[in-house]
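> Sharing a structure here in structure tokens format.
The values are calculated or read from the model by the stated rules, or taken from the named source; none is laboratory data. Model, not experiment: these values are computed from the prediction. Every residue, glycine as well, gets a Cβ built from its backbone with ideal geometry; the counts of neighbours run over all protein chains shown. Ligands, DNA and RNA are stripped out before the accessible areas are found, and what is left, the full protein with its side chains, is counted by its heavy atoms. Shrake-Rupley method; radii C 1.70, N 1.55, O 1.52, S 1.80 Å.
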Amino acid sequence: MAGQVPRVRRSVFAAHPARTLVGAFGAVILLGALVLMLPVSSQGGGTTGFVTALFTSTSAVCVTGLVVVDTGTYWSGFGEGVILALIQVGGFGIMTMASLLALLVSGKLRLRMQLTAQAETKTLGIGDVRRVLLGVAGTTLAIELAVGAWLALRLRFGYDHSIADSTYSGLFHAVSAFNNAGFGLNVDSLTPYAQDPFVTLPVALAVILGGIGFPVLLELLRHRRRKRLGGRRTWSLHTRMTLVTTVALLVTGTVFTCLLEWSNPSTLGRLDWSEKLLNGFFHSAMSRTAGFNAIDIGAMEASTLLMTCTLMFIGGGSAGTAGGIKVTTFAVLAAAIVAEVRGEPDSSVMGRRLAPHVLRQALTVALLAVGLVIAGTLALLTVSSAPLEAVLFEAVSAFGTVGLSTGITADFPASGQLVLILLMFVGRLGPVTLVSALALRERTRRYQLPEERPVIG
């Protein structure tokens with residue numbers, strides 16, 4: 001009809017930018033698997049099986065750390081370089097990386113790319129995307145180089161490694177630690193350094209900084225500059241919740257690990273009291289989605305494994321390199337429980353009332369995560385003869401993109417490894433995609449349904 005304004009069709013991308021994240025991660029994982037299948041990627045020079053390559057690529061891109069072949073002995077230098085690149089891209093964020101490259105090359109970002117980068121980095125506004133991208137890149141590079149240099153110096157002068165080996169090993173473990181990947185070059189991870197705080201503490205620090213999330217890191221850096229210039233220091237509710245919950249979980253994990261493993265001769269029992277505290281703290285930090293271990297996970301008590309599962313399921317901060325349901329989700333659910341027990345009509349945290357849709361989103365993420373872990377555990381039990389606690393530990397570790405294992409990962413058949421691949425993929429992208437989709441679908445209802453109160457409990 002003449003004069004009619006044409007209807008603008010809303011693109012799927014603009015409506016659901018999180019879908020692009022899923023497609024981008026899937027494409028990079030597949031590409032990484034194809035490269036790892038090449039003979040040049042393995043030390044033996046043979047072609048790696050597709051499931052093994054896919055598992056390794058998924059674990060690297062999803063910054064998990066679970067492996068079916070030993071990283072340092074199976075893969076060649078080229079293969080290790082590919083894994084390191086996949087870790088860096090996966091931890092930094094695929095669309096964040098693409099947006100940063102576009103920003104550096106052309107100096108500008110298209111709206112679609114800004115929307116996707118905003119969804120991945122949890123940027124509050126479109127105008128903040130450019131600043132956040134540059135801040136994330138600078139922070140990542142600074143921390144990885146600092147930790148890598150420290151580890152290289154320690155390996156060079158403390159363990160008499162060559163300059164080349166110490167530099168390469170230091171950088172590899174620094175990148176893996178900050179991205180919460182947990183890939184190591186030693187067969188037994190970091191157990192040779194269990195009594196060396198100059199190795200374990202820098203790794204733990206990198207893991208914690210990477211796990212609290214880029215929004216928190218950038219806000220801390222901004223407020224540090226403001227304080228130096230005499231400005232007022234005020235942190236957002238998200239930052240305060242993340243920091244308080246992270247510290248509480250680190251302390252809780254340290255205390256319980258030490259109490260439960262203090263006399264276990266296969267773990268902490270052989271160490272003196274200061275080394276027990278060191279390794280209790282290190283295990284607590286690694287359980288927050290890092291994947292390195294300095295003591296034998298398979299020799300831990302069943303109670304310790306259950307406690308570790310809880311920490312792995314909670315995970316780290318939002319929009320960082322950690323997995324799990326995230327500490328803010330856990331804190332919101334805890335606040336809702338406290339409010340209900342007290343009989344208060346609203347949930348509040350640190351003097352702020354939580355919006356009802358935040359509570360619904362937290363509950364949705366947590367319950368769907370529980371369902372996914374249970375389904376994954378059931379699927380793994382049907383193809384494995386391992387005990388329940390070991391299989392459950394493996395499923396939670398995969399979903400939480402942690403990478404800790406009792407040593408049964410390689411024992412699963414191809415079908416079990418595919419289940420773990422799915423858990424790692426959904427665990428890395430599920431919360432981001434789900435929360436973004438829920439936020440985009442939020443709408444106002446113009447009527448109220450009749451209220452009813454079913455019996456609870």
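> For region 251-262, which residues satisfy the criterion of being open to solvent by less than 20 Å² (accessible area, probe 1.4 Å) and not charged (D, E, K, R)?
We begin by selecting, within region 251-262, every residue open to solvent by less than 20 Å² (accessible area, probe 1.4 Å); these are 253, 257-258, 261.
Correct list: G253, T257, C258.
> Do we find that T364 is β-branched (V, I, T) and farther than 25 Å from H283 by Cα in this structure? Lay out the reasoning, then the answer.
Numbers: β-branched (V, I, T): yes; farther than 25 Å from H283 by Cα: yes.
Considered against the rule, which asks whether it is β-branched (V, I, T) and farther than 25 Å from H283 by Cα, T364 comes out as yes.
> Among the helices (runs of 4 or more DSSP H) contained in region 173-273, which hold 1 or more residues that are more than 22 Å from A142 (Cβ to Cβ)? First the steps, then the outcome.
Numbers: elements: 197-211, 214-228, 237-261.
By residue number, 197-211, 237-261.
> Here is a further query. Within region 274-291, count every residue that is in a helix (DSSP H, G or I), touching a residue at least 40 places away in the same chain (Cβ under 8 Å) and either in contact with an Asp or Glu (Cβ under 6 Å, 6 or more places away or on another chain) or crowded, with 20+ Cβ neighbours inside 10 Å (or both). First the steps, then the outcome.
Within region 274-291, the subset in a helix (DSSP H, G or I) is 274-286.
Add one more test, that the residue is touching a residue at least 40 places away in the same chain (Cβ under 8 Å), and what stays is 275, 278-279, 281-282, 285-286.
Applying the additional criterion that residues be either in contact with an Asp or Glu (Cβ under 6 Å, 6 or more places away or on another chain) or crowded, with 20+ Cβ neighbours inside 10 Å (or both) yields 278-279, 281-282, 285-286.
Summing the residues that are in a helix (DSSP H, G or I), touching a residue at least 40 places away in the same chain (Cβ under 8 Å) and either in contact with an Asp or Glu (Cβ under 6 Å, 6 or more places away or on another chain) or crowded, with 20+ Cβ neighbours inside 10 Å (or both) in region 274-291 gives 6.
> So, I83, is that one in contact with a strand residue (DSSP E or B) (Cβ under 7 Å, 6 or more places away or on another chain) and buried (at least 24 other Cβ atoms within 10 Å of the Cβ) or not?
Numbers: in contact with a strand residue (DSSP E or B) (Cβ under 7 Å, 6 or more places away or on another chain): yes; buried (at least 24 other Cβ atoms within 10 Å of the Cβ): yes.
Criteria met by I83.
> Pairs needed: first member in region 345-356, within 16 Å of R240 (Cβ to Cβ); second member anywhere, open to solvent by 70 Å² or more (accessible area, probe 1.4 Å) and part of a loop (DSSP other than H, G, I, E, B); C-beta distance under 6 Å; at least 6 residues apart or different chains.
Once the first residue is within 16 Å of R240 (Cβ to Cβ) and sits in region 345-356, its partners that are open to solvent by 70 Å² or more (accessible area, probe 1.4 Å) and part of a loop (DSSP other than H, G, I, E, B) give R353/D346.
> Also, I was wondering about something else. Looking at (1) surrounded by 19 or more Cβ atoms within 10 Å (Cβ to Cβ); (2) among the basic types (K, R); (3) over 21 Å from G211 (Cβ atoms), which is the only condition R360 fails?
Going through (1) surrounded by 19 or more Cβ atoms within 10 Å (Cβ to Cβ); (2) among the basic types (K, R); (3) over 21 Å from G211 (Cβ atoms) one by one, R360 breaks only (1).
> Just checking, does region 370-387 include any residue being open to solvent by 60 Å² or more (accessible area, probe 1.4 Å), under 28 Å from T191 (Cα atoms) and in contact (Cβ under 8 Å) with a residue 24 or more places away in the chain?
no
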